[in-house]
Structure formats: C-alpha cells, structure tokens
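A.B. asks: Dropping the structure in here first, questions after.
The values are calculated or read from the model by the stated rules, or taken from the named source; none is laboratory data. Values in this document were obtained by computation on a predicted structure and should not be read as measured data. Note that we place each Cβ from the backbone using ideal geometry, even for glycine, and neighbour counts take in every protein chain shown. Surface areas here come from the heavy atoms of the whole protein model, side chains and all, with no ligands, DNA or RNA. Shrake-Rupley method; radii C 1.70, N 1.55, O 1.52, S 1.80 Å.
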Amino acid sequence: MSGFGGFGGFVLRRGIGTILTLFAISVIVYVVFYVTPGDVAQITCGPRCSPAQVHQVAEQLRLDEPLYVRYWHFLEGLVVGQDYSTGTSVEHCSAPCLGLSYQSDQQVTQLILTKLPVSLSLVFGAMVVWLILGVGTGVLSAWRRGRLTERVLTAVTLAGTATPVFVIGLILMIVVCGELQLLPFPQYVNLTDDPEQWAWNLLLPWLSLALIEAASFARLTRSSMLETLAEDHIRTFRAYGVGERSIIGRHALRGAFAPVIALNANNFGSAVGGAVLTETLFGLPGIGQELVHAVNVVDLPVVVGMVLVIGFFVVLANAVADVLYAVADRRVVLA
C-alpha cells in the first residue's frame, strides 16, 4: 500500500511539475515573440495602408493594449474561449483558443489540428524506425564486440551522429528518388485514405529523421548491454550453460530498457525540431512547414500557438518517460 502511495505521489509531483513547466514556456514564448522589432500592424495590413488603416488593424489585433493584458486574454482564451472582432463580425473562438491568424483570420487551434496529423505521422513513424535500427544495431555491436562487425557499426553510428538531418534527407532524395528511382518523391497521403501509400510516401522522411536519432540509441544500447554482460549473474548463467542468445535477449537487453526509455523522450524533443527541417525539405504540409511560413509573414498567433504545441509534446513525452522509468526502476520513486 505504501509502495502504491509512493508511486502515486511521484506521478502527482511529476504532473504538477509538467503543468508549471508548460506555464513557464507559455510566458517565455509569448513575451519573446510579441516583444519583436517592427510594426506588426503595418506588416499585417500591408505597405499601402494609410496610418488610419494601420491604427484600425492595431485595435482589432489588440496591439494597443499592454503586453500583460494581452497575455491575460491569451490565458483566458485557453481556459474559456474568447470573442474576436474580424472587422465586419465577431467570431467566437472556443477553448482552448490560441487566437486568430493575422493573415487568414482562421482560428489557430483549427489550423494546428489540420496540420498535426502530418507531423505526428512523421515523428512517431520515425520513432519506430530509430528504435528498431538503434536498438538492433546496439545489440549486434555488443554481441560482436571486438570484431569487424562492431568496428563497422561504430563508424556508421559516429557518422550518423555527426550528419545534419537535412544533409541526410538531401542525400536520400538524390540517391533513392533521383538516381535509383526506388521510391517516389514524397507526397503526403492521409492514413485513412490509403494506409499503404501513406507509409510508402513517408518512408524516406522517416529514414531521414530516424537515422541521426538511431545513432544515439545504438551507442547507448551497446554501452548498457556491455555493462550488464559484465555483471556476476551473467557469468553465472554462462557457467550453467545458458546460450549466448538467451542471455542477450532475456537478460542483457532488459537491463538496457530503462536508459533507452529516458533517451527516447529526449530524442523526441530533438526529433520535433528536426521535423521542422524534414517537413520543409520534403514539402510535407505539417506544423513545421506552417511554422516556417508563419515566421516569414510575422503571423505571431500562429507562431506562438505552434511553438506552444511543440513544447507541450516535448514536456509530455519527458513526463511519460519519467513515469515509465519509475515503473521499470522503483528506485526512481524513492529518489
């Protein structure tokens, strides 16, 4: 009973910490992006607008209000929703409301929801690929320690770690799509429309994003397994004649799970950043590509909303990883 209470308290503390982290992120992001050089009203209205028209746009966007008042309205919209004037009418934005786009007057929440499936398809698909490649490479490298196989795999993982994601993507596009013509140039297809074409068109972006992340998993899995294989109970198993494959699959690999879970959360955050480059490179209509466009046109509500959504997934992934780590190793709960 006390163990359950300890674990429940750990989850509660982690949940409160997650909420406070998200609040801090919202404050920092809002302040950083809204305290920007240049006249946002002038940029939004266009170069040919008169001063009166620019002033009217500033009032509609509430740019004449103090920053802390605008942030309070922003929080209010997240909790209960908010009404916005579009010039000719008043539009209600339901909670959680992230505001209206300066460029299209579209609700930012709806815009994100239309782009989110593409980004989630990219990141989670790449996660499966980098776990399979990374853990598999790490296990093989530990198993073949001191042999040519280990040296080759170590060199490959080091090269993967040092290569930027956009370079890997360009090389794969030129070689796989251009020279060898093994895959078509990626065009996003909805999962519900055609699952086979969905996976086929995302295979190259998955590989581009996953290869650099798989290198980290390969090195971590190798070091964790080598540490486990050197322990006394593994020597005992070998002395009793237990096969090497059984030792690696049933005992050594289990010891590598906890650090792999923690690293997966950290890599999820970097993969979200890499997804921005990957979506732009392959022309995928996800959050990353839309974020780049919003930055170029200074569409601040879209920029703030998408950065907050990205931050939310990164913080959530780390929180889930902490809980899973605690399940795998109860010593974390007591720390």
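A.B. asks: Do we find a residue being under 19 Å from LEU253 (Cβ atoms) and open to solvent by less than 60 Å² (accessible area, probe 1.4 Å) anywhere in the range 155-170?
C.D. replies: Yes: the range 155-170 contains one or more residues that are under 19 Å from LEU253 (Cβ atoms) and open to solvent by less than 60 Å² (accessible area, probe 1.4 Å).
A.B. asks: Pairs only if they're at least six apart or on different chains, beta carbon under 6 angstrom, first in the range 149-175 and assigned by the TED database to the domain that holds GLY274 and closer than 19 Å to ALA218 by Cβ, second modelled with pLDDT under 80 and outside any loop (DSSP other than H, G, I, E, B); list them, first residue then second.
C.D. replies: Cβ pairs passing all conditions: VAL165/GLY274.
A.B. asks: Can you tell me which residue among ALA265, ALA218, ALA275, ALA230 is among the small types (Gly, Ala, Ser) and closer than 22 Å to ILE174 by Cα?
C.D. replies: Only one candidate qualifies: ALA275.
A.B. asks: Collect the residues in the range 55-90 that are assigned to a loop (DSSP other than H, G, I, E, B), open to solvent by less than 50 Å² (accessible area, probe 1.4 Å) and modelled with pLDDT of 80 or more, keeping them in residue-number order.
C.D. replies: The one that is assigned to a loop (DSSP other than H, G, I, E, B), open to solvent by less than 50 Å² (accessible area, probe 1.4 Å) and modelled with pLDDT of 80 or more: GLY81.
A.B. asks: How many residues, within the range 186-219, are in a loop (DSSP other than H, G, I, E, B), surrounded by 18 or more Cβ atoms within 10 Å (Cβ to Cβ) and not hydroxyl-bearing (Ser, Thr, Tyr)?
C.D. replies: 1
A.B. asks: A follow-up question, please. Take ARG222 and tell me if it is exposed (fewer than 14 other Cβ atoms within 10 Å of the Cβ), at pLDDT below 85 and under 22 Å from ARG144 (Cβ atoms).
C.D. replies: Here the answer is no, as ARG222 does not meet what is asked.
A.B. asks: Quick check on my filter: what residues within the range 277-288 are within 14 Å of the chain's Cα centre (by Cα) and either open to solvent by 30 Å² or more (accessible area, probe 1.4 Å) or outside the structural domain of SER208 (by the TED database) (or both)?
C.D. replies: Within the range 277-288, LEU277 is the sole residue that qualifies.
A.B. asks: Let me ask something else about it. Determine if the range 191-200 includes at least one residue that is modelled with pLDDT under 80, touching a Phe, Trp or Tyr at 6+ places or on another chain (Cβ under 9 Å) and not basic (Lys, Arg).
C.D. replies: no
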